[in-house]
Every structure is written in structure tokens, then in C-alpha cells.
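Written out below as C-alpha cells is the structure these notes cover.
The values are calculated or read from the model by the stated rules, or taken from the named source; none is laboratory data. Everything quoted here is computed from the prediction, not taken from an experiment. Glycine also receives a Cβ, built like all others from the backbone with ideal geometry; neighbour counts cover every protein chain displayed. Quick note on the areas: whole protein, heavy atoms, side chains included, nothing else; ligands and nucleic acids left out. Shrake-Rupley method; radii C 1.70, N 1.55, O 1.52, S 1.80 Å.
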Amino acid sequence: MAKRSSTPSRTSSGSDGEVPVVGGREPCPCGSGRRYKACHGRESAHAAQQLVTRPFEGLPGEVDWVMMREIVPAATAAVTLVGEAAGTDAGRQVTVATVLPMAWPALHRLDGEVFVGLQVQGGSGDASRDLADALLRALATDPGTPVPPGPLPTAGPRLQGLIDPAVPLEVVLHEGFSFWIEGVPDVDADTRASMERANARVIPTARLASVEGAYWARMRDRCHLRWALPEPEEALLDGMARLHGVGGLSLGEGTRYVGAFRAHGLLVPVWDLPHEAEAESVEAPAAGFRARLDQAMALTTPLSDAERRARNGLLSRQLTLR
């Protein structure tokens with residue numbers, strides 16, 4: 001699917017074929033031979049740029065960008081390039097993917113298609129600028145070339161200046177990672193074996209159609225619903241606290257609200273669902289919760305004592321991913 005660069009120290013992909021996430025103690029994908037935490041991981045950790053807490057704000061489908069970046073195992077979406085930074089590539093479509101082989105930031109395939117990987121470790125503090133940098137580097141490389149981790153960008157365009165805001169983000173979920181090699185002839189055995197191992201780890205996932213940003217997933221003994229909400233956190237917590245006292249956080253019999261995490265500036269509530277619950281069975285309950293939450297958030301009266309206690313309880317069950 002990709003040829004080797006003439007600069008081995010920057011493009012070696014780790015011939016052992018392990019996929020696709022790079023841990024701190026694993027070899028750095030750049031091919032330096034050092035552990036990731038001592039190479040590009042250290043560079044990321046010491047980046048001096050100011051943290052952008054909501055890097056995907058303003059992009060079409062912000063909630064889906066966040067979920068693809070943090071939660072969804074195997075998905076792609078096509079985006080259209082615009083703007084001065086895109087140069088002669090304005091109007092071209094590229095593909096954003098949750099994960100690429102060997103955690104490459106981007107890939108210019110032999111067939112000319114350009115992929116950008118969302119789930120990459122480290123960063124400058126602005127995920128939008130990091131991804132835009134990887135995208136522009138991929139456009140500048142020859143077909144068949146992976147884009148390795150590089151110096152963190154201290155300046156340059158962000159995705160908001162590269163992607164056509166008029167084109168909705170249409171997420172395509174995959175059962176595995178065959179999209180890595182789809183349409184590419186003569187895939188080498190190591191790449192194919194790597195893909196098969198990655199496929200074995202994919203968690204069944206579905207995107208709800210009744211609401212935006214909600215993804216069902218089946219784990220070993222339960223199913224979960226994780227749902228990125230775009231509203232400001234304070235307003236969400238007030239609304240959810242109002243619902244808590246009247247049982248309004250439930251998604252039906254056998255479900256349980258378990259808490260929330262923050263990711264890229266958004267609150268992501270999580271529910272446990274019965275193991276037998278299919279994604280379709282959550283569509284109507286999720287739409288009902290969305291309607292109840294909107295009504296609760298529209299209230300302007302102060303929270304009652306019980307609601308304030310419920311709000312504090314909701315806060316105690318939160319953590320921050322990014």
C-alpha cells in the first residue's frame with residue numbers, strides 16, 4: 001500500500017507489523033529506533049504551544065470529529081479541501097480515518113488517495129493544526145509514501161482553513177481496516193497480517209441516526225452508549241441535574257447512566273446498556289432524552305437544593321481525556 005522512503009530514519013514503519021497504537025514504551029513510528037516516549041512522544045510532551053481546548057469547533061460535525069478521534073475504532077469520512085493553504089489541491093477530496101497502519105499521521109497511497117489519521121499520540125496542543133500539518137505533508141509526498149511523525153507545527157493553517165464548511169461530515173463505520181488496502185494491488189504479507197490483527201480487536205460500533213454524536217458499542221458483557229454533546233458544559237450539567245431527580249437520565253429499562261468524560265472541549269456522557277441491546281433499540285430512547293434535555297436546559301429558574309446536590313454528584317463522576 002506504500003513504498004519505503006529514501007530516508008529510512010523517518011519512514012520505517014516497524015517491520016514487526018504490530019498495529020496500530022503506539023505506546024510510550026514501543027518503538028517510535030518514525031523509525032529512529034528509540035522508544036516513542038523518548039522520541040516524538042517527548043517532543044509532544046514538551047510542546048510549548050498554548051492548549052486549544054476545543055480544536056474542532058467550527059468544523060462540520062464537530063461531535064463526530066471528537067468521537068472519531070477518541071472513541072470510534074474503525075471509521076472514515078471524506079472532506080473537501082478549500083482555501084489558499086490548499087493551493088492547487090483546492091476542491092480535492094481526502095479521507096480522514098480513525099487509525100492508519102503503524103499509527104502513521106497520514107498516508108499518500110499508491111492509487112493517489114490521501115488519508116489522514118486522527119488517533120495519533122502526542123501533539124502541539126492544537127489537534128486541528130497538527131492534523132492540517134499532516135494533511136499538507138501528505139499532499140506534498142509522492143504516491144505510495146507514508147507520512148511519519150514530524151516536528152510539531154508552531155504555525156500554519158488549521159483544519160478550519162482547509163476544509164469546506166459547506167460539506168457535511170458523513171461518517172462511514174467499518175467492521176475492520178480493509179479500507180487501508182482497498183483498491184491497492186500487491187499488498188505485502190506483513191501489511192495484510194497487520195490488518196488482520198487489527199481487525200480482530202475492533203469493537204462492534206454503530207452511530208445512532210436519531211441524534212448527533214452518539215455511538216453504540218458492544219463490549220464483553222455489556223453494551224455502552226457514548227454521546228458527545230456540543231453545548232457548553234455548565235448548561236449541560238444544569239439540565240442533566242434537573243433531569244436526575246425525576247429519573248430523566250435513563251435510556252430505558254436495564255440502562256444506567258455511569259458518568260461522563262471531557263474530550264476536546266465537549267462533554268461525553270456514557271450509559272451502560274443491556275448486553276442484548278442492539279443499536280436500533282436505543283434510537284427512540286436517545287431521541288427522548290435529547291428532547292427532555294433541551295427542555296431542561298431551556299429553564300431559567302435557579303436549581304433547587306436537590307438539583308444542586310445532583311449536579312455535584314454528576315461532577316464527581318467526570319474525568320478529562322483531552
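Compared with the rule-of-thumb size 2.2 N^0.38 Å for a compact globular protein, region 171-260 has a Cα radius of gyration ratio of 1.54. Considering only Phe289, Phe115, Phe177, the mean-square fluctuation computed in a Gaussian network model of the chain, springs between alpha carbons under 10 angstrom, is largest for Phe289.
For the chain, the longest principal axis of the Cα atoms and the long axis of helix 127-140 meet at an angle of about 30 degrees.
Taking 8 Å as the Cα distance limit and 6 or more residues as the minimum spacing, I'd like the relative contact order of region 124-203 as a percentage.
RCO, region 124-203: 28 percent.
When the Cα convex hull of region 128-188 is projected onto planes of every orientation, the mean area is 6.0 nm².
Only one residue of Gly122, Ala86, Leu266 has its Cα farthest out toward the positive end of the dipole of the chain, where Lys and Arg carry +1 and Asp and Glu -1 on Cβ, and that residue is Gly122. Working note: 222 nm ellipticity from helices only, DSSP H runs with n ≥ 4, each -39,500 (n - 2.57), summed and divided by the residues of the chain, gives -8500 deg cm²/dmol to the nearest 500.
Please list 290-303, 269-282 highest first by mean number of surrounding beta-carbon atoms within 10 Å per residue. Provide the component values of the computation, followed by the final result.
Numbers: 290-303: 13.1, 269-282: 18.1.
The peptides rank, most packed first, as 269-282, 290-303.
Within the shell of other residues whose beta carbon sits under 15 angstrom from the beta carbon of Pro204, the net charge comes to +1, with Lys and Arg scored +1 and Asp and Glu -1. How much net charge surrounds Pro232 when only other residues with a Cβ under 15 Å from its Cβ are counted (Lys, Arg +1; Asp, Glu -1)? Residues near Pro232 contribute -4 overall. Taking a Cβ cut-off of under 12 Å around Gly247, the surrounding Lys, Arg, Asp and Glu residues balance to a net charge of +2, with basic ones at +1 and acidic ones at -1. Computed from the C-alpha gyration tensor, the three semi-axes of the ellipsoid equivalent to region 171-322 are 36, 16, 14 Å, from longest to shortest. Tilt of helix 233-244 relative to the longest C-alpha principal axis of the chain, in degrees (0 to 90, nearest 10)? Between helix and principal axis, roughly 40 degrees. Summed over the residues of the chain and divided among them, the accessible surface reaches 47 Å² per residue at a probe radius of 1.4 Å.
How big is the Kirkwood radius of region 67-174, worked out from every pair of different alpha carbons and given in Å to one decimal? Mind dumping the intermediate values first?
Numbers: mean 1/r = 0.0725 Å⁻¹.
Over region 67-174, the inverse of the mean reciprocal pair distance is 13.8 Å.
Remark: relative contact order (the chain) = 17 percent; criterion is Cα-Cα distance under 8 angstrom and separation of 6 or more residues.
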